[in-house]
Amino acid sequence: MTDTIIAQSTPNGESALALVRINGPLCAKIAEDALALPHPTPRKCYLRDFRSTTSNEILDQVTAVFFAKGKSFTGDETLEITCHGNSLIVERILQDLLARGCRIANPGEFSRRAFMSGNIDLTQAESIAEIISARSDAELKIANSNLRGSLSNTFISLQDSILEVQALLEASLDFPEEEIEEESRKSIIERIDSIVCRMKHFIENSHKKKHLSHALKVLLIGPPNAGKSTLFNTMLGHQRALVSEAPGTTRDYLSQEIQLGDYRIELIDCAGIRTSENKTESLGVTNSIALIEEAVLVLFVIDGTLPYPTDFHEIVCPKLEEVNTIVVENKKDLPKHDDEFSYPEHSELLSICAHEPDDVVTLCKSIETHFAETFPFDPSQDVIVNARHSNLLSKAACSLMSVTNLLNSNEGIEIVLHELNHCRSHIDEIIGTKTNEDVLDLLFNKFCIGK
Ligand SMILES: Nc1nc2c(ncn2[C@@H]2O[C@H](COP(=O)(O)OP(=O)(O)OP(=O)(O)O)[C@@H](O)[C@H]2O)c(=O)[nH]1
Ligand SMILES: [Mg+2]
């Protein structure tokens, strides 16, 4: 018989209310004994005293909602009790429920039960964890859409396409003595190529998910005194970094997270880049340059009133080849220097005054537009898979490429079908129709308790 599991689903500590979730066959009995609710109407909210099983003392005045078997998130009977948000009360209620035969739920056990009952598939279970941990609107929008099944639909559609290929191959099994006609072999291979193409596109997209799960690193790089720290402060809206007219003010880089539209950004103010005799300054320069590799966008800040510094150009530009760059010509409130020079390759050039909030808003809009193009998160436009999906998709794509090779070398249909089944099993594993306990343990253990 299934255990009845319990957990506090709200954070610990002082709060207006706290939610205790109970799931399993003891729910009806607990409703009757602890709450004097012998036949609760499902999904109706009751105001009741919660009485202790040992002393009959009232532990708290609570509200309770009962969900019938087959009509709850987990598929099992569920009782949700909302008490006052004092950890002493929650603890007394949990202790009482333990005395009534329940046990504390493992992390993610409610969601695991929902998965086991078929209420959600594995990609939806993952999206629940992602909704809870999301720290930007972009992550939240993706996770919400995945919970509603957009990822599941994508993988089901891939699975359907593979099944169509399988059906075509199986049809030729009826005539084992005949080889597959050249025409149909070609058309099957074309179908396979197009499925592999879709898979590769999703695999390439998965790095976007990785970036979006962390803050997107935006680096302010430029020669000393260009106004990087001034711009950093205006973007943050407060005086975080020291600003001075002396070049070489910033040594240790400074970083702070900000929200820019739908994106969470880690803005980093670096040391001014130049060759210096001063050891500490040189160290700051080396550390700042090392950050370029991790950046998803570089704001290349130049003092527009001065000649473009060649030592800066030589040190920094070779490092910028792989990273997106916006050139920011600062100090536009002062007369511009009219030297001839060419900046490194960049997606945009903006002239601003770092003291001017309106100019900085324009720059922030450019950054947002840039991210909207690089990291589109509208799941109706594009599907963004996570690392687990990408790993399994790579295996599935490998299997499909083997299928093509087998077909090209005129191998027997049974062998080809065997490889195709192999491919399908990887997609099954993504959705969760074929999983083992280890995979489930790994996945659900990352959840918080009570979910
Ligand atoms: N007129 C004008 N002055 C600016 C502007 N932006 C910055 N400054 C001034 O330029 C000087 C240097 O600014 P910082 O922000 O410290 O420059 P930085 O690039 O961080 O310099 P380092 O930390 O030394 O690399 C300060 O005196 C700022 O007030 C601007 O847009 N217009
Ligand atoms: Mg500075």
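Counting other beta carbons within 10 Å of each Cβ, put Ser161, Ser409 in order, fewest first.
The most exposed by this proxy come first: Ser409, Ser161.
Per DSSP H run of n ≥ 4, the term is -39500 (n - 2.57); total these for the chain, divide by its residue number, and report the mean residue ellipticity at 222 nm rounded to 500 deg cm²/dmol.
After summing the helix terms and dividing by residue count, I get -14500 deg cm²/dmol.
Could you line up His214, His426 from fewest to most neighbouring Cβ atoms inside 10 Å? The partial results should precede the final answer.
Values: His214 14, His426 21.
Ranked by crowding around the Cβ, least crowded first: His214, His426.
Over the Cα atoms of region 145-245, what radius of gyration and what Dmax do you get, in Å?
When restricted to Cα atoms, region 145-245 yields Rg and Dmax of 26.7, 86 Å.
Would you mind checking Lys200/Lys446; Lys208/Lys434; Lys217/Lys336; Lys279/Lys332; Lys141/Lys446 for any pair whose Cα atoms are more than 23 angstrom apart?
Going by Cα-Cα distance, Lys200/Lys446; Lys208/Lys434; Lys217/Lys336; Lys279/Lys332 fall outside the 23 Å limit.
Just rank Cys83, Cys45, fewest to most, by other beta-carbon atoms within 10 angstrom.
Fewest-to-most Cβ neighbours within 10 Å comes out as Cys45, Cys83.
State the volume of the convex hull built on the alpha-carbon positions of region 313-451, expressed per residue in Å³ and rounded to an integer.
In region 313-451, the Cα convex hull volume per residue is 258 Å³.
Length gain on complete extension for the stretch Thr53 to Ala68, per 0.36 nm per residue less the alpha carbon to alpha carbon distance?
Roughly 3.1 nm would be gained on extension.
Which whole number of Å³ per residue matches the convex hull of the alpha-carbon atoms in the chain?
Here the figure is 212 Å³ per residue.
By how many nm would the segment from Gln259 to Ala171 grow when fully extended, if each residue of separation counts as 0.36 nm and the alpha-carbon distance is taken off?
26.1 nm
Just to check, using Stokes-Einstein with a Kirkwood Rh over alpha carbon pairs, what's the diffusion coefficient of region 216-374 at 10 °C and 1.306 mPa s in µm²/s?
Details: Rh = 15.5 Å.
Rounded, D is 102 µm²/s.
Relative contact order of the chain: what whole-number percent is it, with Cα pairs under 8 angstrom and at least 6 residues apart?
Values: 772 pairs, mean separation 75.0, N = 451.
Dividing the mean separation by the residue count of the chain yields 17 percent.
Rule-of-thumb check for region 25-113: C-alpha Rg over 2.2 N^0.38 Å?
Taking N as the residue count of region 25-113, the ratio is 1.04.
Values quoted throughout were computed directly from the atomic coordinates according to the rules given, and no laboratory measurement underlies them. In this text the structure is predicted, and so the values were computed from the model without any measurement. Positions of Cβ are backbone-derived with ideal geometry, glycine not excepted, and every protein chain shown enters the neighbour counts.
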